[in-house]
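**Q** Take a look at the following structure, please.
The values are calculated or read from the model by the stated rules, or taken from the named source; none is laboratory data. All values reported here derive from a predicted model rather than from experimental measurement. Using ideal geometry, Cβ is built from the backbone for each residue, glycine included, and neighbour counts are taken over all protein chains shown.
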Amino acid sequence: MPEFNGTPRGQGRRFAVVVSRFNETVTQRLVEGALDALVRHGVAFDDIDVLWVPGAWELPLAARRAAATERYDAIVALGAVIRGDTPHFDYVAGAASRGLASASVEYDVPVGFGVLTCDTMAQAEARAGGEHGNKGWDAAIAALEVTDLFDQVDGAPQD
């Protein structure tokens, strides 16, 4: 029985990193983690485009637009939605996650999900290079692995 398991190989691949400016002190660190992961795993720095959008609400549309260009092997989506006193959090976080999943499926492009949904700023900071690692890095690794997995399933030659 054949088994396939993607590895984070980035050589020759192009990535879009779509990131929210809202909570930029957190999202900038997520971007740094994602870029570090991509470059360390072989993606040429010039093969990475960073697309900044106002907030997490706009991430799905930007991911869809990037995917529609067919220039990218995968997309990494980064944001930080922090719970407040109103239900706004639920709407934004839910719409962002559903929209990114939809973009991935519709365009058959892996989307690494690095949108933090936290109750506090401290929780977000802990996940953006703090004690819980960097979820930007994790999202980039996931995108790399799924891209490689798809190449294996599609029968692309391996290095």
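**Q** Any idea which of Val105, Val146 is among the β-branched types (Val, Ile, Thr), free of Cβ contacts under 8 Å to residues at least 24 places away in the same chain and surrounded by fewer than 20 Cβ atoms within 10 Å (Cβ to Cβ)?
**A** Numbers: Val146 fails: free of Cβ contacts under 8 Å to residues at least 24 places away in the same chain.
Every option except Val105 fails the conditions.
**Q** Continuing with this model, one more query. Please verify whether the range 68-78 includes one or more residues that are among the acidic types (Asp, Glu), surrounded by 14 or more Cβ atoms within 10 Å (Cβ to Cβ), at pLDDT 95 or above and out of contact with any Lys or Arg (no Cβ under 9 Å at 6 or more places or on another chain). It would help to see each step written out before you state the result.
**A** First pass over the range 68-78, keeping only residues among the acidic types (Asp, Glu): 70, 73.
Of the ones still in play, those that are also surrounded by 14 or more Cβ atoms within 10 Å (Cβ to Cβ) are 73.
Keeping just the survivors that are at pLDDT 95 or above gives 73.
Cutting the leftovers down to out of contact with any Lys or Arg (no Cβ under 9 Å at 6 or more places or on another chain) gives us none.
For the range 68-78, residues among the acidic types (Asp, Glu), surrounded by 14 or more Cβ atoms within 10 Å (Cβ to Cβ), at pLDDT 95 or above and out of contact with any Lys or Arg (no Cβ under 9 Å at 6 or more places or on another chain): absent.
**Q** Go through the residues of the range 37-45 one by one and say whether even a single one is charged (D, E, K, R) and either in contact with a strand residue (DSSP E or B) (Cβ under 8 Å, 6 or more places away or on another chain) or at pLDDT below 95 (or both). Outline the logic, then answer.
**A** The first filter runs over the range 37-45 and keeps only residues charged (D, E, K, R), leaving 40.
If we keep only those that are either in contact with a strand residue (DSSP E or B) (Cβ under 8 Å, 6 or more places away or on another chain) or at pLDDT below 95 (or both) too, we end up with none.
No; the residues of the range 37-45 include none that is charged (D, E, K, R) and either in contact with a strand residue (DSSP E or B) (Cβ under 8 Å, 6 or more places away or on another chain) or at pLDDT below 95 (or both).
**Q** If you don't mind, another one. Looking at the range 26-63 only, could you name the residues that are of a type in the set (S, T, N, Q) and either touching a residue at least 40 places away in the same chain (Cβ under 8 Å) or touching an Asp or Glu at 6+ places or on another chain (Cβ under 7 Å) (or both)?
**A** Of all residues in the range 26-63, those of a type in the set (S, T, N, Q) come to 27-28.
Thr27 - this is the single residue of the range 26-63 that is of a type in the set (S, T, N, Q) and either touching a residue at least 40 places away in the same chain (Cβ under 8 Å) or touching an Asp or Glu at 6+ places or on another chain (Cβ under 7 Å) (or both).
**Q** Still on this structure: Kindly indicate the residue of the range 1-48 that is among the charged types (D, E, K, R) and closer than 22 Å to Leu116 by Cβ and also surrounded by the most Cβ atoms within 10 Å (Cβ to Cβ) among those meeting that condition. Steps first, answer last, please.
**A** Step one: of the range 1-48, the residues among the charged types (D, E, K, R) are 3, 9, 13-14, 21, 24, 29, 32, 36, 40, 46-47.
Within this subset, residues satisfying the condition of being closer than 22 Å to Leu116 by Cβ are 21, 24, 29, 32, 36, 40.
Numbers: Arg21: 13, Glu24: 14, Arg29: 21, Glu32: 15, Asp36: 14, Arg40: 13.
Per the stated criteria, the residue is Arg29.
**Q** Restricting to the range 79-100, name every residue that is among the small types (Gly, Ala, Ser) and either surrounded by 14 or more Cβ atoms within 10 Å (Cβ to Cβ) or on the phi > 0 side of the Ramachandran plot (or both).
**A** Start the filter on the range 79-100 by keeping residues that are among the small types (Gly, Ala, Ser), which leaves 79-80, 84, 93-97, 99.
Those that are among the small types (Gly, Ala, Ser) and either surrounded by 14 or more Cβ atoms within 10 Å (Cβ to Cβ) or on the phi > 0 side of the Ramachandran plot (or both): Gly79, Ala80, Ala93, Ala95, Ala96, Ser97, Gly99.
**Q** Can you confirm whether the range 64-82 contains a residue that is part of a loop (DSSP other than H, G, I, E, B), free of Cβ contacts under 8 Å to residues at least 24 places away in the same chain and of a type outside the set (A, V, I, L, M)?
**A** At the first step, the residues of the range 64-82 found to be part of a loop (DSSP other than H, G, I, E, B) are 69-73.
Narrowing the set further to residues that are free of Cβ contacts under 8 Å to residues at least 24 places away in the same chain leaves 69-70.
Add one more test, that the residue is of a type outside the set (A, V, I, L, M), and what stays is 69-70.
Yes; the residues of the range 64-82 include at least one that is part of a loop (DSSP other than H, G, I, E, B), free of Cβ contacts under 8 Å to residues at least 24 places away in the same chain and of a type outside the set (A, V, I, L, M).
**Q** Right, something else. Checking His88 against (1) under 22 Å from Arg127 (Cα atoms); (2) touching a strand residue (DSSP E or B) at 6+ places or on another chain (Cβ under 7 Å); (3) not aromatic (Phe, Trp, Tyr), only one condition comes out false. Which one?
**A** All conditions pass for His88, except number (2).
**Q** While we're here: Kindly indicate whether Leu61 is among the hydrophobic types (A, V, I, L, M, F, W, C), in a helix (DSSP H, G or I) and either over 13 Å from the mean Cα position of the chain (by Cα) or on the phi > 0 side of the Ramachandran plot (or both). Steps first, answer last, please.
**A** Numbers: among the hydrophobic types (A, V, I, L, M, F, W, C): yes; in a helix (DSSP H, G or I): yes; either over 13 Å from the mean Cα position of the chain (by Cα) or on the phi > 0 side of the Ramachandran plot (or both): yes.
Yes; evaluated as a whole, the condition is true for this residue.
**Q** Also: Would you check which residues across the range 3-29 are closer than 18 Å to Pro54 by Cα and touching a Ser or Thr at 6+ places or on another chain (Cβ under 9 Å) and list them?
**A** Scanning the range 3-29 gives Ala16, Val19, Ser20, Arg21, Thr27.
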